[in-house]
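Heads up: the structure comes next, in structure tokens.
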Amino acid sequence: GYKVPESAMDPATLTLIVAAVVVTIMIAGLTTLTLELRAASRAREETDRLKRFTESALEGLVILQGDHIVDANDTFWRIAGIDPKSAPVALNISSILPGYRSRAESGAEPGFFETQLIDSAGKAIEVETTVRMGTVRGALHEMIVVRDITDRKAAAARIAHLASHDPLTGVPNRLSLANDLEEALKHSTANSPVAMLCLDLDRFKAINDMHGHIAGDAVLIEVARRIRDALGAGTTLARLGGDEFAIVQRVGKQPEAAGVLAERIRENLDY
């Protein structure tokens, strides 16, 4: 029969070598797995830090893959009116930010721009947003930063209204009247002249002296309301100050139309 050469490796040694090779392969595999897990953990931490940073600045952050949302921070979900725990998987960004894609593809200058976000109830919310490219979890993604500017827009509207309106009666003020009159005269013609009516209240000072400024203010508010009720389309009322008011009439045959309006105002103030 076959005789094993004396130089051949004995079974015990061979077993040890095989075991050592197996152990080396296992160690290499575990090392690779550990490195991959650490890399994945670092990527998750990087994404979490980015989301926390934007949340601290009260900004929504959306991470896209194509047109679909793959991740977003809590601030974005709150603006969109969606519970993060029940957010739809692979939600299309265009269903929330309809103007996003057209802006992104328009070649417009980078930076924040105003648009509308449609929340889960279908309500349009004024937002400011920008699109950026960034590496997240080792891959390049489009990222959208969203700021809710509803309060800011409302505050700006209030400031603009206060700048052009009388704070007591709510009607336009002298500045607004000047702008309105200039615009009306610019478009006036011989066939469509502009009329301006001015009025003040007799013995108004006596009301303030006898009953106080609170009563005087109440009278001015009521007078403004009654004059407004007498006005028609193409007519603007403004308070010049004190008990003085002015009206710009841009419609009708003049001066007849101004006379009719004056009589209607007098009747409203008499009742």
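The values are calculated or read from the model by the stated rules, or taken from the named source; none is laboratory data. This one's a predicted model, so the numbers in the text were calculated from it and none came from an experiment. Positions of Cβ are generated from backbone atoms using ideal geometry, with glycine treated the same way; all protein chains shown enter the neighbour counts. All accessible areas refer to the heavy atoms of the entire protein, side chains included, with ligands and DNA or RNA removed. Shrake-Rupley method; radii C 1.70, N 1.55, O 1.52, S 1.80 Å.
Below, the figures for the structure above:
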quantity	calculated
Pick from segment 251-265, criterion in contact with a helix residue (DSSP H, G or I) (Cβ under 8 Å, 6 or more places away or on another chain) and at pLDDT below 90, ranking: least open to solvent (accessible area, probe 1.4 Å)	Gly252
Filter pass, Leu197 being of a type in the set (A, V, I, L, M), free of Cβ contacts under 8 Å to residues at least 24 places away in the same chain and either closer than 28 Å to Glu126 by Cβ or open to solvent by less than 90 Å² (accessible area, probe 1.4 Å) (or both)	no
Subset tally (residues that are under 22 Å from Gly170 (Cα atoms) and outside any helix (DSSP H, G or I)) for segment 226-270	20
One residue from Asn173, Asn268 being closer than 30 Å to Glu126 by Cα and surrounded by 14 or more Cβ atoms within 10 Å (Cβ to Cβ)	Asn173
Residues that are surrounded by 15 or more Cβ atoms within 10 Å (Cβ to Cβ), hydrophobic (A, V, I, L, M, F, W, C) and more than 16 Å from Ser176 (Cα to Cα), drawn from segment 225-246	Ile227, Ala230, Leu231
Selection from segment 137-170 of residues that are within 30 Å of Ile221 (Cβ to Cβ), open to solvent by less than 40 Å² (accessible area, probe 1.4 Å) and either assigned to a loop (DSSP other than H, G, I, E, B) or in contact with a His (Cβ under 9 Å, 6 or more places away or on another chain) (or both)	Asp166, Thr169, Gly170
Members of segment 175-194 that are part of a helix (DSSP H, G or I) and farther than 13 Å from Ile247 by Cβ	Leu175, Ala178, Asn179, Glu182, Glu183, Leu185, Lys186
Qualifying position, being at pLDDT 90 or above and charged (D, E, K, R), among Glu126, Glu105, Glu109	Glu126
